[in-house]
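**Student:** Once you've had a glance at the structure underneath, I'll fire off some questions.
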Amino acid sequence: MNENDIGKEVVDAAIIVHRELGPGLLETVYEVVLLDELRKRGLRAEHQVPAAIECRGIRFNEGFRADIVVEEKVIIELKSVERVTNAHKKQLLTYLKLTGMRLGYLLNFGEAMMKQGMTRTVTGIHEDRHLGDLGVSAREDLRSMQRGRQSARPAPDASSAITPARPATP
């Protein structure tokens, strides 16, 4: 399953969860229910996935925690706020760059309608040279923690884009 196929499932699952629960609850509630919905769809999804980073020779075993990672290809960052800010969008973009993943969703369950609370972020940037002096790929750490072994893969070099997510049409 590629990133776009996973993305369609994420969008559909988020809409279902939002319709069921409504806006305004704690992020953790949406996280657990969305995780359950994604798994019921046969997707391998993990939550609160730690990613290590290294900067200036200093290793941070937990540089950040991704709210949900689906099939080791898509990051989902959850919010339950009145309004998403540029800082929230930049946070997801940084997570994508650090992990080398190319697709992420910022899902704000605080909106009245879920389709208004979705931001789809796409990037192909992964190389450490794009991240200043960050020396360790968080993606490698993420994969090695999940699989129990080291893996390395060259990543494509492309520009990034942030666009509103669109629900899949039936």
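The values are calculated or read from the model by the stated rules, or taken from the named source; none is laboratory data. What you see is a predicted model, and the numbers here were worked out from it, not measured in a lab. Because the Cβ atoms are built from the backbone with ideal geometry, glycine has one as well, and the counts that use them run over all protein chains shown. Ligands, DNA and RNA are stripped out before the accessible areas are found, and what is left, the full protein with its side chains, is counted by its heavy atoms. Shrake-Rupley method; radii C 1.70, N 1.55, O 1.52, S 1.80 Å.
**Student:** Suppose a student asked you for the relative contact order of region 1-68, using Cα pairs under 8 Å spaced at least 6 residues apart; what percent would you report?
**Tutor:** Relative CO of region 1-68 lands at 24 percent.
**Student:** Take peptides 82-95, 31-44 and line them up by average Cβ neighbours within 10 Å, highest first, as a rough protection proxy.
**Tutor:** 31-44, 82-95
**Student:** Note the full-extension length gain between LYS40 and GLU71 as 0.36 nm times their separation in residues minus their Cα-Cα distance, in nm to one decimal.
**Tutor:** Details: separation 31, 0.36 × 31 = 11.16 nm, distance 1.36 nm.
Stretched out fully, the LYS40 to GLU71 stretch lengthens by 9.8 nm.
**Student:** Where only protein heavy atoms count, and the probe is 1.4 Å, what is the accessible area per residue for region 1-134 in Å²?
**Tutor:** So region 1-134 comes to 48 Å² accessible per residue, rounded to a whole number.
**Student:** In addition: Taking H as built 1.01 Å from N, whose amide H comes closer than 5 Å to the amide H of LEU43, not counting residues under 5 places away?
**Tutor:** none
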